[in-house]
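The values are calculated or read from the model by the stated rules, or taken from the named source; none is laboratory data. Everything numeric here is computed off the predicted structure, so don't read it as measured data. Glycine gets a Cβ as well: all are built from the backbone with ideal geometry, and neighbour counts include every protein chain shown.
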Amino acid sequence: MNPTTIKILRPALRGMRRLLSRLDGPWRSIIVGALAGVLGALAVEAFRALLFALEASFVGAQEGHLVAAARHLSPEVRLFAPAIGGVAAGLLLWIAARRRRTEPLPHRGDYIEAVAIGNGRLGLRGGTLKVLASLLVVSTGGAIGREGAMVLLAAMLASAIGRLLGRTVELRLVVTCGAAAGLAAAYHAPLAGAVFVAEILIGSLALSQLGPVVVAAVMAYGMTVALSGRAVLFPLAAVPDIGAPQVVLMLALGLAGGVAGVGLLQWLEMSRKIFSRLALPLPLAFGLGGLAVGLLSLWRPEVWGNGYSSIQQQLTGPGAWQVVALVLVLKLLAVGATAGSGAPGGVFTPTLFVGAACGALVASVLHALGFAQAVEPVYALLGMATLLAATTHAPVMAALMVFEMTGQYQLLVVLLPACVIATLVSRRLHPVSVYGLDGSMPTPEVTKVTARR
């Protein structure tokens, strides 16, 4: 905020500080958490509205359905649109870095770092640039998640509010509330949003402080539903009852989910190393990643975007296994090209897609082996949950996330232990999660945070 704005708001801020200072610590945290939740939801909705407007202007997408838009574009536009968006995003970050005479770090402004190893202060300028660059990449078809920028924006807003309120609040806790609110609003998953920060940042957030985080996530979810009118992100009909043999088989598949998650983490690391060795300027690196997505989309347009539309298809009608396998391979290449180039965005939703596709393929194999009871949506949900657990090392969050996104409560008793198994396997084979945090509890002295959302 500029000095003029602060000067205008100063009387209101003084009154707010006086009010908060008179309250007990827990009540103060609850009120600030509720405020962070409401503002976080508004930030996410504003980001979503702007993103959809840009997608409609650039590629003619409606309501975020980039795959449908890609199908109707000419091959030339489909080829070059992601590259142009990548170059534009890279130029934005490169020029900004040149003006400040600093290294162009597209990941500057990371809320994980701010809470796990910092004091909760997020660089608003660097974070805003990252959000704007993410808008350019995602709105032109880049194979990266849009939700990462949404969560960052909510956390940044919470950091700004916390700094304005001064010493009456704990800044790291306020930023944590903002991150939980952003995740809850982006995925319509309040419980998963709250548990996300408890599992990922458990060394920085005591369980006694979970109350404000839950309030923030629930307030964000309520505000999102009030604004969008949709409670479940991927509505599904009730799945059939699962017998004991299938439960045992699904738990065993948690092992496979853990191994697949490690494979995904290694692929992302390899992609980053390839681009790092090229040592290209940001505009060229982002543009190269976008061009790779464009080339792949000439074969299958499903490689465009974060995978949201493809997840819907896997849950409702996955199609022939050959098509699912082909799209999965091409999508992995596209995600590796986009994320490896350093383009700002998340891999949360792409991970969900990879899991859904793997689960659909497993169901096809089981059908071929004579297991007629293997229902595609159930195994797609299992794949989503176990892949997410394996890459984030957060089993409870992963199970709750899939449950809340689909409304399939009856599967939670199977998803939870399967996610625990997948996480144990993943931690054994790959101790560092997608967030760059190892299995130990992060503290302010820990500096090993290298990968980002």
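Answer yes if at least one residue in the stretch 90-104 is in contact with a Phe, Trp or Tyr (Cβ under 7 Å, 6 or more places away or on another chain), within 24 Å of VAL138 (Cβ to Cβ), of a type in the set (Gly, Ala, Ser) and modelled with pLDDT of 90 or more, and no otherwise.
Yes, because at least one residue in the stretch 90-104 is in contact with a Phe, Trp or Tyr (Cβ under 7 Å, 6 or more places away or on another chain), within 24 Å of VAL138 (Cβ to Cβ), of a type in the set (Gly, Ala, Ser) and modelled with pLDDT of 90 or more.
Looking only at the stretch 277-324, filter to residues that are in a loop (DSSP other than H, G, I, E, B) and closer than 19 Å to GLY148 by Cα; which one of those is modelled with the lowest pLDDT? Checking each candidate, the answer is GLY307. Looking only at the stretch 112-127, decide whether some residue is at pLDDT 85 or above and crowded, with 17+ Cβ neighbours inside 10 Å. So far as the stretch 112-127 goes, yes, one or more of its residues are at pLDDT 85 or above and crowded, with 17+ Cβ neighbours inside 10 Å. Any residue at all in the stretch 393-405 that is at pLDDT below 90 and among the aliphatic types (A, V, I, L, M)? No, every residue in the stretch 393-405 fails to be at pLDDT below 90 and among the aliphatic types (A, V, I, L, M). Might you check whether a residue that is under 22 Å from the mean Cα position of the chain (by Cα) and either assigned by TED's automatic domain parsing to the domain that holds GLN266 or among the polar types (S, T, N, Q) (or both) occurs anywhere in the stretch 369-377? Looking for residues that are under 22 Å from the mean Cα position of the chain (by Cα) and either assigned by TED's automatic domain parsing to the domain that holds GLN266 or among the polar types (S, T, N, Q) (or both), one finds at least one in the stretch 369-377, hence yes. I'm checking my understanding of the structure. Among residues of the stretch 268-317 that are at positive phi and within 23 Å of the chain's Cα centre (by Cα), which one is surrounded by the most Cβ atoms within 10 Å (Cβ to Cβ)? Result: GLY305. For the condition assigned to a helix (DSSP H, G or I), modelled with pLDDT of 95 or more and not assigned by TED's automatic domain parsing to the domain that holds ALA292, GLY85 qualifies.
Yes/no matrix, rows are residues, columns are (1) of a type in the set (Gly, Ala, Ser); (2) in a helix (DSSP H, G or I); (3) out of contact with any Lys or Arg (no Cβ under 9 Å at 6 or more places or on another chain); (4) under 30 Å from ALA83 (Cα atoms):
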{"residue": "LEU332", "(1), (2), (3), (4)": "no, yes, yes, yes"}
{"residue": "SER364", "(1), (2), (3), (4)": "yes, yes, yes, no"}
{"residue": "TYR379", "(1), (2), (3), (4)": "no, yes, yes, no"}
{"residue": "CYS419", "(1), (2), (3), (4)": "no, yes, yes, no"}
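Every condition in (1) hydrophobic (A, V, I, L, M, F, W, C); (2) farther than 24 Å from LEU93 by Cβ; (3) at pLDDT 95 or above; (4) more than 22 Å from the chain's Cα centre (by Cα) holds for VAL259 except the one numbered (4). Looking at LEU412, LEU366, just one residue is farther than 22 Å from TYR308 by Cβ and touching a Phe, Trp or Tyr at 6+ places or on another chain (Cβ under 7 Å), and that residue is LEU412. Annotation note: Cβ proximity below 6 Å between a residue of the stretch 63-74 that is on the phi < 0 side of the Ramachandran plot and a residue that is of a type in the set (A, V, I, L, M) (sequence gap 6+ or interchain) occurs for ALA69/VAL59; ALA69/ALA61.
Under the condition of being surrounded by 20 or more Cβ atoms within 10 Å (Cβ to Cβ) and not in a helix (DSSP H, G or I), which residue from the stretch 392-417 is farthest from the chain's Cα centre (by Cα)?
By that ranking, first place goes to GLN408.
Pairs meeting the criteria (first residue in the stretch 225-236 and within 15 Å of LEU42 (Cα to Cα), second residue modelled with pLDDT of 80 or more and in a helix (DSSP H, G or I), beta carbons under 9 Å, at least 6 apart or on different chains) are ALA226/ALA41; LEU227/ALA41; LEU227/LEU42; LEU227/GLU45; SER228/GLU45; SER228/ARG48.
Residue by residue, here is whether (1) outside any helix (DSSP H, G or I); (2) touching an Asp or Glu at 6+ places or on another chain (Cβ under 7 Å); (3) assigned by TED's automatic domain parsing to the domain that holds PHE47 holds:
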site	(1), (2), (3)
ARG167	no, no, yes
ARG172	no, no, yes
VAL175	no, no, yes
LEU191	no, yes, yes
PHE196	no, no, yes
GLN209	no, no, yes
VAL213	no, no, yes
ALA220	no, no, yes
LEU233	yes, no, no
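From the list GLY178, GLY182, GLY148, GLY141, the lone residue that is crowded, with 24+ Cβ neighbours inside 10 Å and modelled with pLDDT under 90 is GLY148.
Say whether the condition of being assigned by TED's automatic domain parsing to the domain that holds ILE161, closer than 18 Å to GLY178 by Cα, at pLDDT 75 or above and not hydrophobic (A, V, I, L, M, F, W, C) is met by at least one residue in the stretch 49-61. Talk me through it step by step, then tell me what you get.
Step one: list which residues in the stretch 49-61 are assigned by TED's automatic domain parsing to the domain that holds ILE161, which gives 49-61.
Next, from what is left, pick out any that are closer than 18 Å to GLY178 by Cα: none.
No - not one qualifying residue is present in the stretch 49-61.
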